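Participant: Please see the structure below; I have some questions.
The values are calculated or read from the model by the stated rules, or taken from the named source; none is laboratory data. Predicted model only: the values in this text are computed from it and were never measured. Here the Cβ is made from the backbone with ideal geometry for all residues, glycine too, and neighbour counts use every protein chain on show.
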């Protein structure tokens with residue numbers, strides 16, 4: 001998988017470059033120091049995945065993600081940050097990023113998250129998912145639509161907890177393909193774009 005690293009801290013950029021470059025299934029095709037540079041690199045080198053910091057000069061990661069997604073809808077973006085405040089998380093969700101992970105995660109966890117996004121999952125660290133849940137807890141909730149059956153409700157709840165298809169399959173004793181089919185059907189039924197929107201939908205309605 002071809003990956004672009006974006007961070008205004010040169011030490012972090014180089015550290016991630018070394019870490020990810022050691023993995024056989026990833027190829028770091030370049031680095032950038034802000035969202036504008038990231039977009040320009042995406043135009044030139046067409047990475048499969050962009051790993052991007054949020055707080056950067058010139059153009060932050062949220063705006064950079066929006067720009068990339070507007071022009072390269074199939075390009076995946078994971079936002080990597082030390083910040084957990086609600087406003088950044090809200091903006092990250094709106095930006096269309098496939099993941100939001102924290103820099104204090106162990107290297108193995110970061111790599112696992114990148115692979116999960118590469119395989120089509122949306123990854124929000126549990127701390128981030130909990131923050132989203134907290135943001136919504138005081139909002140008035142409505143019941144889930146009547147055509148969401150009990151099994152779909154179970155899967156929605158586990159998606160909202162941040163579990164991958166593989167983890168949901170293990171929890172519910174289903175095949176990973178069956179879970180993927182359920183998720184796809186839910187996206188179509190509820191007219192939502194991705195797993196993040198599914199999670200937020202569930203938190204707003206359960």
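Participant: Across the stretch 81-92, what is the number of residues that are crowded, with 20+ Cβ neighbours inside 10 Å and in a helix (DSSP H, G or I)? Outline the logic, then answer.
Facilitator: At the first step, the residues of the stretch 81-92 found to be crowded, with 20+ Cβ neighbours inside 10 Å are 81, 88-89, 92.
Going one step further and asking which of them are in a helix (DSSP H, G or I), we end up with 88-89, 92.
Total satisfying the criteria: 3.
Participant: Are there any pairs with C-beta distances below 8 angstrom linking a residue in the stretch 6-31 that is in the same structural domain as residue 81 (by TED's automatic domain parsing) and touching a residue at least 24 places away in the same chain (Cβ under 8 Å) to a residue that is assigned to a loop (DSSP other than H, G, I, E, B) and surrounded by fewer than 13 Cβ atoms within 10 Å (Cβ to Cβ), with the two at least 6 apart or on different chains, and if so which?
Facilitator: Between residues of the stretch 6-31 that are in the same structural domain as residue 81 (by TED's automatic domain parsing) and touching a residue at least 24 places away in the same chain (Cβ under 8 Å) and residues that are assigned to a loop (DSSP other than H, G, I, E, B) and surrounded by fewer than 13 Cβ atoms within 10 Å (Cβ to Cβ), the close pairs are 8/57.
Participant: For the subset of the stretch 113-124 comprising residues that are within 13 Å of residue 76 (Cβ to Cβ) and crowded, with 19+ Cβ neighbours inside 10 Å, which member is modelled with the highest pLDDT?
Facilitator: 114
Here's the yes/no breakdown for (1) out of contact with any strand residue (DSSP E or B) (no Cβ under 8 Å at 6 or more places or on another chain); (2) within 23 Å of residue 120 (Cβ to Cβ):
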site	(1), (2)
36	yes, no
43	yes, no
66	yes, yes
88	no, no
95	no, yes
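Participant: Return the residues of the stretch 46-80 that are assigned to a helix (DSSP H, G or I) and closer than 22 Å to residue 11 by Cβ; say none if nothing qualifies.
Facilitator: 61, 64
Participant: Considering only the stretch 2-24, state which residues are in a loop (DSSP other than H, G, I, E, B), in contact with a helix residue (DSSP H, G or I) (Cβ under 7 Å, 6 or more places away or on another chain) and at pLDDT 95 or above.
Facilitator: Matches in the stretch 2-24: 7 only.
Participant: Which numbered condition trips up residue 43, out of (1) closer than 18 Å to residue 197 by Cβ; (2) out of contact with any helix residue (DSSP H, G or I) (no Cβ under 7 Å at 6 or more places or on another chain); (3) part of a helix (DSSP H, G or I)?
Facilitator: (1)
Participant: Right, another one. Going through the stretch 103-112 one residue at a time, which ones are surrounded by fewer than 18 Cβ atoms within 10 Å (Cβ to Cβ) and in contact (Cβ under 8 Å) with a residue 24 or more places away in the chain?
Facilitator: Those that are surrounded by fewer than 18 Cβ atoms within 10 Å (Cβ to Cβ) and in contact (Cβ under 8 Å) with a residue 24 or more places away in the chain: 103, 107, 111.
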